[in-house]
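Everything below concerns the one structure shown next.
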Amino acid sequence: MMNQSRVTHSQKALLSERINKLAQALSDGVYEREETIKLCLLAALAGESVFLLGPPGIAKSLIAKRLIQAFDNSSYFEYLMTRFSTPEEVFGPLSIQELKDNGRYVRLTDGYLPTAQVVFLDEIWKAGPAILNTLLTVVNEKTFKNGNEIERVPMRLLVSASNELPDEDSGLEALYDRMLVRVFVNRIQDKQNFKSMLTVGTPQEATIPEGLAITDQEYHQWQSELEQLELSNDVFEKLYELKTLLESAVTAESGLDASDTDMYVSDRRWKKAVKLLKASAFFNGRDSINPLDILLLQDCLWNSPESRDIVRKVIKDFALNHAFDQQEVEQQITLCREELTDIQEELESEFGTMLSMESTTGLIKKQVHSYDISDAKSYKVGSAFDLVKLVLLQSNMSVTESEKGDSRWVYVPKNELERVIKEGHGDVYGYVNTNTTLVRLRFDMDAANNLVIKDIANRAVLVSIVTTKGLDEELYQEWLTKSQQAMAQLEHAEHHLLRVRSNFHGALPHGFVDQELPRAMESSLQNLQQVLESTKAECERIVFRFKTLDQFFA
């Protein structure tokens, strides 16, 4: 059984490699059309239609001609539509002999659209209703009614093109809706590519290495196999999230419901889109759709240049923040930080040393501060006695140059502390942590009248005077529980990110998605990993302080 599994995986990998090589061969010598050819090939493999929008003379017909070579022993039909085009020119002339002998209205379809596997129809919207109505049935059902007989149409790919979109209320919405893949094809932008196009040129036909072209048997077998791929609940949720993002973006942009704008996407198009995603997964050698496949919908969900801009903007947001739960992981990290911040604020509120202010009596009035330290616990360090212990309530860079790392508490003479409290600031000689060397400590008062000690970076650190009452055990246990829950949340975020990054990398390299977005996604996931690591290190320091508070206040 395991051997069979390995063989199956190997076959899928070989199929993916073959399709990639085929796409490269079809794109050879065609400048800045590689992504379009890949998309058209995928559409053909999914049995869907393509619409190319762009100005004349930019190799739209060449794309279709190249794609005919993807299939072994295939037929091709091409036609430039005009207002005067007739059904006979597209679907074949009437058989005069059949009409005369048997009185049957039958077309001679050989060499015309009904018998072609790859079809290119240029300026499609200029065709008349007789052609477009028949074409709608062909595209929808892959059948052609010839006389009183229904003939199967072997068409694998319809590529239609125009430099304009169908007019509103023209009755062409149903046909346009069935053209799942919509690609805007522009003029060559890169200078070197433009030079190569002028000097080297582009051959009409590509050279397809032996064994790459797709046979009829393979095509039908693959169609059957990719249909067996299921839409998992996770991927459905991602699709629905994208749908919601699109609708929200349209409402924010226009103030209208998406169904009332040119951003309307029919249920049929969503269903056809899922088939394209299945094909993308299958021909990338996977058993299931990956969120990376969903990015292909940036060329499926727009109806106009304006809506195309919105779709691309939303797809980019989806790719960078939602496709692999980036925003969810970020929220988990933020939640951990917020929970620890709440505990820290409770600690500072409960144990901060807020000085009160009063004025002296007499001719010269002076502002002095006070704080009751009568119940301060007395300590001894070496030969020094009657010392007061102050716990530093915040992380710091040490309050003395002679000791590196977090300063946790300091000991100062009680009479010197009383002086500092009265004046609201001052320098005192004391001891840091367990060090028995006297060092100078700088005290001050913050904007909220809290007593603070300055660290070596001159940052104010709140202090708390250890009293004979010590630490409230119930409150301490509550903080411990909350801090452990916060770290569990962060650990969950870490595992979540590890899982989604594995899922992302498992879909690379992708044979059909433009690599610009995956590169940006890789960067966003790396940044998120760095944020997670720095947050974890910071939170571990905070939690360590919480865990050892009972020792600090001992």
Subject >> Scan of region 413-435 for residues that are buried (at least 22 other Cβ atoms within 10 Å of the Cβ) and within 19 Å of Asp372 (Cα to Cα), ordered by number >> reply: Leu417, Val420, Ile421
Original post:
Considering only residues of region 505-524 that are of a type in the set (A, V, I, L, M, F, W, C) and surrounded by fewer than 19 Cβ atoms within 10 Å (Cβ to Cβ), which is nearest to the chain's Cα centre (by Cα)?
Top reply: Ala520
Original post:
Going by the structure shown, is Arg156 of a type outside the set (A, V, I, L, M), at pLDDT 95 or above and either within 36 Å of the chain's Cα centre (by Cα) or surrounded by fewer than 22 Cβ atoms within 10 Å (Cβ to Cβ) (or both)?
Top reply: no
Original post:
Can you find a residue in region 324-342 that is surrounded by 14 or more Cβ atoms within 10 Å (Cβ to Cβ), more than 23 Å from the chain's Cα centre (by Cα) and among the aliphatic types (A, V, I, L, M)?
Top reply: yes
Original post:
So which residues in region 139-159 are within 22 Å of Gln69 (Cα to Cα) and of a type in the set (A, V, I, L, M, F, W, C)?
Top reply: Val139, Val153, Met155, Leu157, Leu158, Val159
Subject >> Residue list for region 87-103, filter: under 58 Å from the mean Cα position of the chain (by Cα) and either open to solvent by 70 Å² or more (accessible area, probe 1.4 Å) or under 14 Å from Glu123 (Cα atoms) (or both) >> reply: Glu89, Val90
**OP:** Considering (1) buried (at least 17 other Cβ atoms within 10 Å of the Cβ); (2) assigned to a loop (DSSP other than H, G, I, E, B); (3) out of contact with any Leu (no Cβ under 7 Å at 6 or more places or on another chain); (4) among the aliphatic types (A, V, I, L, M), say which one Val235 fails and leave the rest.
**Re:** (2)
Original post:
open to solvent by 40 Å² or more (accessible area, probe 1.4 Å), assigned to a loop (DSSP other than H, G, I, E, B) and either under 23 Å from Thr481 (Cα atoms) or not aliphatic (A, V, I, L, M) (or both) - does that describe any residue in region 386-395?
Top reply: yes
Original post:
If Ser248 passes every condition in (1) open to solvent by less than 70 Å² (accessible area, probe 1.4 Å); (2) in contact (Cβ under 8 Å) with a residue 12 or more places away in the chain but one, which one does it miss?
Top reply: (2)
Original post:
Here is a list of conditions, (1) touching a strand residue (DSSP E or B) at 6+ places or on another chain (Cβ under 6 Å); (2) within 30 Å of Arg104 (Cβ to Cβ); (3) buried (at least 18 other Cβ atoms within 10 Å of the Cβ), and Met179 meets all of them except one; can you say which number that is?
Top reply: (2)
Original post:
Does Leu212 meet the test of being aliphatic (A, V, I, L, M) and either part of a loop (DSSP other than H, G, I, E, B) or open to solvent by 20 Å² or more (accessible area, probe 1.4 Å) (or both)?
Top reply: yes
**OP:** Return yes when Asn186 is surrounded by fewer than 16 Cβ atoms within 10 Å (Cβ to Cβ) and touching a residue at least 12 places away in the same chain (Cβ under 8 Å) and no when it is not.
**Re:** yes
Original post:
Can you spot a residue in region 125-148 that is of a type in the set (Asp, Glu) and in contact (Cβ under 8 Å) with a residue 24 or more places away in the chain?
Top reply: no
Original post:
What pairs can you find where one residue is in region 490-514 and closer than 30 Å to Leu26 by Cβ, the other is part of a helix (DSSP H, G or I) and small (Gly, Ala, Ser), and their Cβ atoms are less than 7 Å apart, with a gap of 6+ or different chains?
Top reply: Gly511/Ser16; Gly511/Ala23; Phe512/Ser280
Original post:
For region 396-411, what are the residues that are open to solvent by less than 60 Å² (accessible area, probe 1.4 Å) and in a loop (DSSP other than H, G, I, E, B)?
Top reply: Asn396, Ser398, Val399, Thr400, Glu403, Gly405, Asp406, Ser407
Subject >> Boolean, Tyr219 is part of a helix (DSSP H, G or I), closer than 30 Å to Pro129 by Cα and in contact (Cβ under 8 Å) with a residue 40 or more places away in the chain >> reply: no
Original post:
Considering region 139-152 alone, what residues qualify as being surrounded by 13 or more Cβ atoms within 10 Å (Cβ to Cβ), aliphatic (A, V, I, L, M) and more than 37 Å from the chain's Cα centre (by Cα)?
Top reply: none
**OP:** Output the number of the condition that Trp302 fails; it satisfies all remaining conditions of (1) over 24 Å from the mean Cα position of the chain (by Cα); (2) open to solvent by less than 70 Å² (accessible area, probe 1.4 Å); (3) over 22 Å from Gln477 (Cα atoms).
**Re:** (1)
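Quick grid of which residues meet (1) over 30 Å from Thr207 (Cβ atoms); (2) surrounded by fewer than 19 Cβ atoms within 10 Å (Cβ to Cβ); (3) not assigned by the TED database to the domain that holds Thr207:
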| position | (1), (2), (3) |
| --- | --- |
| Tyr76 | no, yes, no |
| Met81 | yes, no, no |
| Leu108 | yes, yes, no |
| Gly111 | no, yes, no |
| Ala116 | no, no, no |
| Ala130 | yes, yes, no |
Subject >> Pick from region 446-475, criterion acidic (Asp, Glu) and part of a loop (DSSP other than H, G, I, E, B), ranking: least open to solvent (accessible area, probe 1.4 Å) >> reply: Asp455
Subject >> Identity of the residue in region 476-489, in contact (Cβ under 8 Å) with a residue 40 or more places away in the chain and open to solvent by less than 60 Å² (accessible area, probe 1.4 Å), that ends up nearest to Val420 (Cα to Cα) >> reply: Tyr476
**OP:** Kindly indicate whether Ser224 is open to solvent by 40 Å² or more (accessible area, probe 1.4 Å), without any contact (Cβ under 8 Å) to a residue 24 or more places away in the chain and small (Gly, Ala, Ser).
**Re:** yes
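The values are calculated or read from the model by the stated rules, or taken from the named source; none is laboratory data. As the structure is a computational prediction, the values presented were derived from the model and not from experiment. Using ideal geometry, Cβ is built from the backbone for each residue, glycine included, and neighbour counts are taken over all protein chains shown. These area figures cover heavy atoms from the full protein model, side chains too; ligands, DNA and RNA do not enter into them. Shrake-Rupley method; radii C 1.70, N 1.55, O 1.52, S 1.80 Å.
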